[in-house]
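Visitor: This is the structure, below, for whatever I ask next.
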Amino acid sequence: MSTPLHEKTEEKENLKLDTKEAAARFWQKFQVEREAITNDIASLSNTTTTSIIAKQCDNILERINNLEKKLTEATIYLPSYDQRQLSSQIKSMIDELNKQRARLAPKQKFSFKSRKAFLTVNSYLSSSVSSRRIDFQLTDLTNCVVNLVSKKISIGAIHIRGLKNSVMLVGPVGSSVLIHDCERCVFVVGCHQFRMHTSKKMTIYLHVTSHPIIEDCHDIQFAPYTLSIDGLDKMFEAVKLESNINHYDKVEDFNWLRQQASPNWKLLPEEKILKDWPNTLLVSVDGDEKSSDNNGNNDDNLSEGMVNHLLKEILE
Amino acid sequence: MGLLSILRKIRQREKEIRLLVLGLDNAGKTTILKRLNGEPIDKLSPTLGFNIETLEHNGFKLHVFDVGGQRSIRSYWRNYFEQTDGVIWVVDSADRMRIDDCKKELHALLQEERLAGASLLIFANKQDLPGALTDQQIKQGLQLDEIATHHWAIQACSAVTGENLLVGMDWIVGDIASRIYLLD
């Protein structure tokens with residue numbers, strides 16, 4: 001009778017050993033890759049061309065990210081001490097990389113490959129539409145600044161597909177915002193429901209009164225809605241959006257139903273949150289006198305500076 | 001007496017109907033359900049799993065299953081097909097970009113054997129939004145006229161204002177009732 005019992009304990013023991021062994025093996029592999037990465041970071045200074053350095057930095061960052069991903073996958077069997085150690089090692093690698101990058105390839109100016117555009121709701125309004133309530137549908141814009149902030153209209157819903165390298169500013173939206181296939185954008189938006197699908201490298205400044213959801217997304221950063229313009233409260237009231245409730249940090253990831261934090265999104269670090277939105281962007285709101293001074297060229301300049309400024313964060 | 005007829009007898013006494021609310025994400029499925037049940041709709045989050053509500057309607061007890069519409073959980077819809085008397089397909093009438101997706105999902109759903117015989121109500125929801133398509137446009141977009149396998153009807157409505165929700169419910173409950181309860 002005692003045999004099966006004995007076998008069971010042995011099995012358990014084996015299982016324990018396996019986890020231990022796997023953890024040890026992972027630790028070892030991790031250290032090998034870490035050493036390689038650290039060496040590469042150190043040898044960055046051997047190169048002199050900044051563009052090459054920038055490229056190398058990107059490569060290294062990708063390797064660090066991969067390593068981090070593996071670490072997340074390994075959390076199932078890693079002891080919590082190892083997890084803490086390894087994630088702090090990853091953090092110090094990233095810090096070191098950033099330090100080197102800042103030293104060797106300082107603030108490279110981002111440049112556009114194609115024409116940019118500066119779209120405001122007013123240019124749209126003047127061209128057509130008499131209604132004060134509008135839905136928007138934005139598709140396939142690249143290198144654009146889209147400004148839909150307006151006190152003259154209220155927005156019912158926004159559907160977005162295929163925005164790349166763009167900045168979009170929106171006041172409070174009455175119902176929902178639905179996003180598909182976007183990449184490297186900064187969106188500033190307030191709404192009742194927020195859904196984002198198949199997008200990557202996005203920074204979202206969000207006011208949302210329900211839990212935002214993402215699906216098939218990665219490299220997404222969320223921050224609270226920080227746009228502050230006169231009369232914003234009234235705009236919230238106009239679309240019946242509660243201005244006191246903001247669940248921007250309660251993101252649900254449909255590809256990550258586990259307890260641990262999803263690797264696909266994070267909160268934008270406090271120090272990176274942009275609170276003072278450049279006036280250059282906001283003057284065009286509601287066709288103030290100031291904006292009438294802007295001719296087309298001016299707008300182009302504004303947009304480029306603005307897009308640069310905002311995208312810098314996510315391009316790093 | 002077969003098991004089926006016993007079951008039918010039991011159901012007859014209780015006059016119960018099982019409804020399934022489906023559609024793409026952001027269509028307004030949960031909002032419709034909560035609105036019908038008189039619950040607040042201003043703090044609804046996108047549905048991660050499903051909601052069940054039991055409603056009374058014209059003397060019938062409706063068990064309504066509202067299942068989330070995100071792409072990654074659509075494959076779980078089939079877990080709810082069994083014994084469904086009616087399907088309420090909800091469309092975001094303002095979502096012009098996905099009307100084709102919506103059509104494909106709906107027609108794929110109607111192939112499902114376990115839903116054979118179920119009544120189909122299409123809610124052209126969000127008529128309160130300025131950019132909404134009309135029910136006629138939705139009917140064309142979804143190619144509803146090609147549906148020959150199910151009793152169907154389309155109803156323009158707004159879950160936010162509550163407009164026409166009851167009209168739609170009257171139709172689907174009536175259609176199911178005439179099929180299940182009044183025919184023996």
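The values are calculated or read from the model by the stated rules, or taken from the named source; none is laboratory data. Model, not experiment: these values are computed from the prediction. Here the Cβ is made from the backbone with ideal geometry for all residues, glycine too, and neighbour counts use every protein chain on show. Surface accessibility is based on the protein's heavy atoms, side chains included, excluding ligands, DNA and RNA. Shrake-Rupley method; radii C 1.70, N 1.55, O 1.52, S 1.80 Å.
Visitor: Exactly one of these conditions fails for A:Trp277: (1) closer than 17 Å to A:Lys152 by Cα; (2) modelled with pLDDT of 60 or more; (3) crowded, with 18+ Cβ neighbours inside 10 Å. Give me its number.
Guide: Checking A:Trp277 against (1) closer than 17 Å to A:Lys152 by Cα; (2) modelled with pLDDT of 60 or more; (3) crowded, with 18+ Cβ neighbours inside 10 Å, the one that fails is (1).
Visitor: A:Glu68 - would you say it is among the acidic types (Asp, Glu), at pLDDT below 90 and in contact with a helix residue (DSSP H, G or I) (Cβ under 9 Å, 6 or more places away or on another chain)?
Guide: So A:Glu68 passes the test.
Visitor: Among the residues of segment B:86-94, is there at least one that is over 29 Å from A:Asp135 (Cα atoms), in contact with a helix residue (DSSP H, G or I) (Cβ under 7 Å, 6 or more places away or on another chain) and away from chain A (no Cβ under 14 Å)?
Guide: Yes, because at least one residue in segment B:86-94 is over 29 Å from A:Asp135 (Cα atoms), in contact with a helix residue (DSSP H, G or I) (Cβ under 7 Å, 6 or more places away or on another chain) and away from chain A (no Cβ under 14 Å).
Here is a yes/no grid of residues against (1) open to solvent by 10 Å² or more (accessible area, probe 1.4 Å); (2) touching a Leu at 6+ places or on another chain (Cβ under 6 Å):
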| residue | (1), (2) |
| --- | --- |
| A:Gly174 | yes, no |
| A:Asp181 | yes, no |
| A:Cys185 | no, yes |
| A:Arg195 | yes, yes |
| A:Ile204 | no, no |
| A:Asp219 | yes, no |
| A:Ser243 | yes, no |
| A:Tyr248 | yes, yes |
| A:Pro269 | yes, no |
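Visitor: Only one residue in A:Leu227, A:Leu257 is modelled with pLDDT under 90, open to solvent by 50 Å² or more (accessible area, probe 1.4 Å) and either farther than 30 Å from A:Ala102 by Cα or in a loop (DSSP other than H, G, I, E, B) (or both). Which one?
Guide: Residue meeting the stated conditions: A:Leu257.
Visitor: Would you call A:His197 modelled with pLDDT under 95 and within 14 Å of chain B (Cβ to nearest Cβ)?
Guide: So A:His197 fails the test.
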